[in-house]
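One structure is given below, encoded as structure tokens.
The values are calculated or read from the model by the stated rules, or taken from the named source; none is laboratory data. Predicted model, so just to flag it, every value in this text is computed and none were measured. Cβ coordinates were reconstructed from backbone atoms using ideal geometry, including for glycine residues, and neighbour counts include every protein chain displayed. Areas reflect the complete protein model, heavy atoms only, side chains present, ligands, DNA and RNA absent. Shrake-Rupley method; radii C 1.70, N 1.55, O 1.52, S 1.80 Å.
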Amino acid sequence: MFVAKSLNAEHKDLIHDVAFDFYGRRMATCSSDQSVKIWDLNEDREWVCTASWKTHCGSVWKVTWAHPEFGQIIATCSFDRTAAIWEESVSDSGRGIHSTWIKRAGLVDSRTSVTDIKFAPKIQGLQLATCSAGGVVRIYEAPDVMNLNQWSPQYEINCKLQCSCISWNPSPSRLHAPLIAVGSDDPNTSSGPKVFIYEFSANTHKWNRVDSLVSISDPVHDLAFAPNLGRSYHLLGIATKDVRVVTLRPVKQESAQSQGSSMSFEVRQAGQFDDHNSTVWRVCWNATGTILASSGDDGCVRLWKANYLDIWRCISTMRGDTVENVAEADSSGGSTQQMGTASTGQHTARYFKLAPTAHPAHLQWH
């Protein structure tokens, strides 16, 4: 059972992104009011704003958290053509603990709006990828994690189409070469595929395009690799005019793998859903990579999960005032529905949490 609560974010303009930290107890929001707010979950399970400051001279498109192993670090990107790295500094003034967020570095290489920014998986060190409306993906690295003032440009990828979103493959295994998926929101449907897959070659120290998803020619607003905890293939969720779930299955032969050549993939569309009946703006996976959440212009958040036949279905729909849980369909395709109602406040930023349960089996989606 999901419980919906309303949170007055008190931003003065449109909120573009909401990001949770690794443990889900801290949250960052960014807005066209050029500010970022940090929210902490207190002992009463309420979100409290603990920091708010102006970060850029233009709309802030995205905010993202680094892995906590590197400290309390966030990165932001903006319409002002820059990206920035911020670190929390905690001090005890005798009247209590006080925290401030200090700008450690500004990345000013882009000549166009920086549309997305993502930290690399922890296994790859403190790396940061940005993409821009000019069609360029840039990857930076902090050579010394104790000195965040220095970020060295490592790689530059020209995608030849304006970029809207990026995603690292979060596989924890060193057996998988690093992958980056790049999406384009170019409105010209005749310009070709809008999703590109890049793989890092350890031999040439370059990022090579290994695949393009030709089935997707509509503007892409967001995409996300699912965490891989043992699957032999990769899952990619894509937000475009509908929700897409794509599987990327490596087909490279062992003899070719020993020579360090690029991986090739068998691409299969595992699901395509137009339940939102509107543009889909965000997709996000749970920690195990089994449930995909999507949000769209219909004002709903929908959860998607595959059954034992690997058929993807919507298992829950969350609105501001109702939560509709759909039991997993059986092999014949039948399903049941349950309706739940929760109280709401102002129509501002919302977050969702799971209600307490005595046993995992009580959760229909588990």
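When region 135-165 is filtered for residues that are in contact with a Ser or Thr (Cβ under 9 Å, 6 or more places away or on another chain) and in a strand (DSSP E or B), the ones remaining, listed by number, are Val136, Val137, Arg138, Ile139, Tyr140, Glu141, Cys165. Residue check: Ser110 meets all listed conditions (1) in a loop (DSSP other than H, G, I, E, B); (2) open to solvent by less than 10 Å² (accessible area, probe 1.4 Å) but one, namely (2).
Can you pull out every residue in region 89-108 that is at pLDDT below 95 and out of contact with any Asp or Glu (no Cβ under 6 Å at 6 or more places or on another chain)?
The initial filter retains those residues of region 89-108 that are at pLDDT below 95, namely 89-100.
Ser89, Val90, Ser91, Asp92, Ser93, Gly94, Arg95, Gly96, Ile97, His98, Thr100 - these are the residues of region 89-108 that are at pLDDT below 95 and out of contact with any Asp or Glu (no Cβ under 6 Å at 6 or more places or on another chain).
Just checking, how many residues over region 205-251 are over 14 Å from the mean Cα position of the chain (by Cα) and either touching a residue at least 24 places away in the same chain (Cβ under 8 Å) or part of a strand (DSSP E or B) (or both)?
Initial filter on region 205-251 (over 14 Å from the mean Cα position of the chain (by Cα)): 205-219, 228-234, 240-251.
Add one more test, that the residue is either touching a residue at least 24 places away in the same chain (Cβ under 8 Å) or part of a strand (DSSP E or B) (or both), and what stays is 206-213, 215-219, 228-229, 231, 234, 240-250.
Residues meeting the conditions: 28.
With the structure loaded, tell me whether Ile216 is over 22 Å from Gly125 (Cβ atoms) and at pLDDT 95 or above or whether it fails that test. Answer is no for this residue. Residue-level check: of (1) within 27 Å of Arg104 (Cβ to Cβ); (2) surrounded by 21 or more Cβ atoms within 10 Å (Cβ to Cβ), Glu156 misses just (2).
Taking the criterion of being without any contact (Cβ under 8 Å) to a residue 24 or more places away in the chain and in contact with a Phe, Trp or Tyr (Cβ under 7 Å, 6 or more places away or on another chain), the only residue of region 48-87 that qualifies is Val48.
Looking only at residues in region 37-47 that are touching a residue at least 60 places away in the same chain (Cβ under 8 Å) and in a strand (DSSP E or B), which one is farthest from Thr115 (Cα to Cα)? Spell out how you get there, then give the answer.
Restricting attention to region 37-47, the residues satisfying the condition of being touching a residue at least 60 places away in the same chain (Cβ under 8 Å) are 38, 45, 47.
Applying the additional criterion that residues be in a strand (DSSP E or B) yields 38, 47.
Numbers: Ile38: 21, Trp47: 27 Å.
Selected residue: Trp47.
Ala120 falls short on exactly one of the conditions (1) over 21 Å from the mean Cα position of the chain (by Cα); (2) buried (at least 17 other Cβ atoms within 10 Å of the Cβ), and that condition is (1).
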